[in-house]
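Please read the structure below before turning to the comments.
The values are calculated or read from the model by the stated rules, or taken from the named source; none is laboratory data. Just so it is clear, the model here is predicted, and its values are computed rather than measured. Cβ coordinates were reconstructed from backbone atoms using ideal geometry, including for glycine residues, and neighbour counts include every protein chain displayed. When the accessible area is computed, the model is the full protein with side chains, heavy atoms only, and any ligands, DNA or RNA have been set aside. Shrake-Rupley method; radii C 1.70, N 1.55, O 1.52, S 1.80 Å.
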Amino acid sequence: MPVPQLTIHRHDQRHRTLITLAGEIGLESAPLLRATLARCLSDGIRIIDVDLTPVTFCDCSGLNAFLYAAQRTREAGGILRLHNPPPSLGRILELTGCGFLLLGLPLGHLSPSLGDAPDPVAPALPDRSIPLVAVLSGDVR
């Protein structure tokens, strides 16, 4: 059985980048994705837009890599946004309720020149009405 391929293209302008991923994001390719996103931060990139239009599959390994990178990016004062996730990732985001951490403006709303537009404001976090204690104790209502 062939190993799923993941192709990564990175286009930088100043402290911003557009990463286009193509192929499958799974257990085998997630380390490459994680390394690529970490490299952006070490290169001084603080706004990371990830176009997932050509991605055919993404499992929880990919979600984990994106969440880890988003956390590190926020800690560095930046933002990571996913655009056009495939149905497999969309479903995982829906089930886990963490889409608000990763989804930004639709890719069509990005400036064509990446570095020339003012940086968009990150969306506000939604109000969560489920008490954390009840969820942790297993008493889900």
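How large is Rg/Rh for the stretch 1-104, to two decimals, with Cα atoms and a Kirkwood Rh? That ratio is 0.94, to two decimals. At q = 0.13, 0.28, 0.30 Å⁻¹ the log10 of I(q)/I(0) for the stretch 6-51 amounts to -0.26, -1.03, -1.13, computed by Debye summation with a single uniform scatterer per C-alpha, solvent ignored. Per residue, the stretch 1-55 exposes 54 Å² of solvent-accessible protein surface, assessed with a 1.4 angstrom probe and all protein chains in place. Across the stretch 84-95, coupling constants 3J(HN,Hα) worked out from phi with the 6.51/-1.76/1.60 Karplus curve, θ = phi - 60°, read 6, x, x, x, 4, 6, x, 5, 4, 4, 5, 5 Hz, and Gly and Pro carry x.
Below 12 angstrom from the Cβ of F57, what's the summed charge of the other residues (Lys, Arg +1; Asp, Glu -1)?
Computed value for this residue: -2.
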